[in-house]
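Input: a single structure, listed below in structure tokens.
Bear in mind these aren't lab numbers, they're just calculated from the coordinates by the rules spelled out. Computed from a prediction, not measured in an experiment: that's the story for all the values here. When we count neighbours, we look across all protein chains shown, and the Cβ atoms used for this are built from the backbone with ideal geometry, even at glycine.
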Amino acid sequence: MTGGRVLILAGTGMLSEVAEVLAREGWHVVLPSRRYSPIAVPETRPGVAALRALRPPGHVRQATGGSTDRQGRAIWVEASWDRPRELARKAEAALGGPADLLVAWVHDQYRRSVMGAIEKLLTEDAPVVEVRAVESGGLLVEPEPLLVTHPTQLVLLGTASENDPGRSLAHGEIAGGVMAAVRRAIEGHPTSLHQVGLTRPLVR
Ligand SMILES: NC(=O)c1ccc[n+]([C@@H]2O[C@H](COP(=O)([O-])OP(=O)(O)OC[C@H]3O[C@@H](n4cnc5c(N)ncnc54)[C@H](OP(=O)(O)O)[C@@H]3O)[C@@H](O)[C@H]2O)c1
């Protein structure tokens, strides 16, 4: 599946590469967050980057120069997890139709309200990728997927890198793990849990 609609919750932080890759592959990407933070795509004209910061909420970025001929795009909408119904309403308008994929990394205290509010925006069988971080001590509160009727790739982030247990997970390790889960979701895999990094406490 390519070229569908994808809603990414918290897609302007460490998941911005995921948003960029999907837009390049032809997806219509919707990114609700509080601050305007467009995904990085190659500029076609010099000077455009300087103008980007002046663009208003809802501005549409065209993702160009990807590996396929399909042209995706990313739309940022100003929304906060504090107001989940408003977030859902704005995201629905920006999606322009039911979402074929959800990628979410929402702080625990907002997780239920936000995921609950946006569930109605998904197609009946839309896969979900949810990113969760283990608490200190390697524990995860409520590890089960929230949207039980949707096949969910749960990405569980450990506290240390597999490559170097002496340090935390690097940005690239997180983005790579999430992107791998997105691929599995798009391929139609059933619900499963994937751990990125080690869950044992850091030992120095
Ligand atoms: N996707 C992520 O990057 C993410 C998600 C959850 C947790 N974390 C954890 O947070 C730590 C700090 O990283 P960070 O500074 O990048 O994370 P952050 O401040 O939690 O922001 C991460 C993403 O979530 C969005 N976000 C945060 N609070 C929001 C809210 N109330 N409503 C809507 N969107 C919201 C941010 O966009 P705005 O600030 O513009 O709203 C951004 O896209 C990291 O150690 C990471 O483990 C990261």
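Quick notes on this one:
- Positive contributions from Lys and Arg (+1) and negative ones from Asp and Glu (-1), summed over other residues with Cβ under 15 Å from the Cβ of ILE118, come out at +1.
- Theoretical gain in end-to-end length, HIS107 to ARG34 [0.36 nm per residue, Cα-Cα removed]: 24.9 nm
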